[in-house]
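Data block below; observations after.
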Amino acid sequence: MNEESLPWRVVQTRSRSEKKTAAYIQAMGVKLYLPLQKRKKQWSDRTKVVEEPLFPGYLFAQFEEGQRYPVLNTPGVVRIVSFGGEYASIPDAQIDALQNFSYLDNEVLVVNNELLSGQEVLIASGPFKNLSGRLVRHNGKGKLLIEFVALGQGLLVELDRTKLILR
């Protein structure tokens, strides 16, 4: 099977072991993506910018059926996320949008006072273009919590209203 046609799977890892687990899986020749974000951490004696997983406890991998058991047996892997007996699959467009986002230092997303919780939304432009999810919370000040269904996790983002399409 061609690597381009392989679906992106969601791999759950042990807490705070995403980077090490990703290194083990990559060493097996599996294509993977671990979205990271830069955060400023404050200690009593210094401030440091560190890279942390955008989705703690999860990474994305493309692998053939024959590689499933080696991936599952990798140190740090808890499971391959599935719903109703089917492995969760992430569209290439969403992985591409996350990869584009990782190159930015600032968060980008939508301001819309007419949004209601539970609405399906699609990002029309910017680094999250073609990324879709469900609006969980909107505080009226430009901050949105969008749940990406395949992960079952939310991502707090800020957007310009013109970048959002309601589905």
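The values are calculated or read from the model by the stated rules, or taken from the named source; none is laboratory data. If you're wondering where the values come from, they're calculated on a predicted model, not measured in any experiment. In this analysis, Cβ positions are derived from the backbone assuming ideal geometry, glycine residues included, and neighbour counts consider all displayed protein chains.
Brief remarks follow.
- Annotation: LEU72 fulfils all but one of (1) over 15 Å from the mean Cα position of the chain (by Cα); (2) surrounded by 13 or more Cβ atoms within 10 Å (Cβ to Cβ); (3) closer than 21 Å to PRO7 by Cα; the unmet one is (2).
- Residue ID - modelled with the lowest pLDDT, chosen from residues in the stretch 88-101 that are surrounded by fewer than 17 Cβ atoms within 10 Å (Cβ to Cβ) and touching a strand residue (DSSP E or B) at 6+ places or on another chain (Cβ under 8 Å): GLN99
- Hey, LEU104 farther than 23 Å from THR13 by Cβ, in contact with a strand residue (DSSP E or B) (Cβ under 6 Å, 6 or more places away or on another chain), modelled with pLDDT under 75 and outside any strand (DSSP E or B) or not: no
- Checking each residue in the stretch 4-20 for being among the polar types (S, T, N, Q) and in contact with a helix residue (DSSP H, G or I) (Cβ under 9 Å, 6 or more places away or on another chain) picks out only THR13.
- Listed conditions (1) without any contact (Cβ under 8 Å) to a residue 40 or more places away in the chain; (2) over 20 Å from ILE146 (Cβ atoms) are all met by ARG16, apart from (1).
- Residue within the stretch 49-58 that is exposed (fewer than 10 other Cβ atoms within 10 Å of the Cβ) and without any contact (Cβ under 8 Å) to a residue 60 or more places away in the chain present: yes
- Identity of the residue in the stretch 23-40, among the hydrophobic types (A, V, I, L, M, F, W, C) and either outside the structural domain of GLU65 (by TED's automatic domain parsing) or touching a helix residue (DSSP H, G or I) at 6+ places or on another chain (Cβ under 7 Å) (or both), that ends up surrounded by the most Cβ atoms within 10 Å (Cβ to Cβ): ILE25
- The condition of being aliphatic (A, V, I, L, M), out of contact with any His (no Cβ under 9 Å at 6 or more places or on another chain), more than 25 Å from PHE128 (Cβ to Cβ) and assigned to a strand (DSSP E or B) holds for only one of VAL10, VAL78, VAL71, VAL50, that being VAL78.
- None of TRP43, TRP8 is surrounded by 12 or more Cβ atoms within 10 Å (Cβ to Cβ) and not assigned by TED's automatic domain parsing to the domain that holds ALA97 except TRP8.
- On inspection, GLY76 does not qualify as among the small types (Gly, Ala, Ser), without any contact (Cβ under 8 Å) to a residue 60 or more places away in the chain and not assigned by TED's automatic domain parsing to the domain that holds PRO127.
- Counted residues, the stretch 39-75 - those being farther than 23 Å from GLU147 by Cβ and out of contact with any Leu (no Cβ under 6 Å at 6 or more places or on another chain): 24
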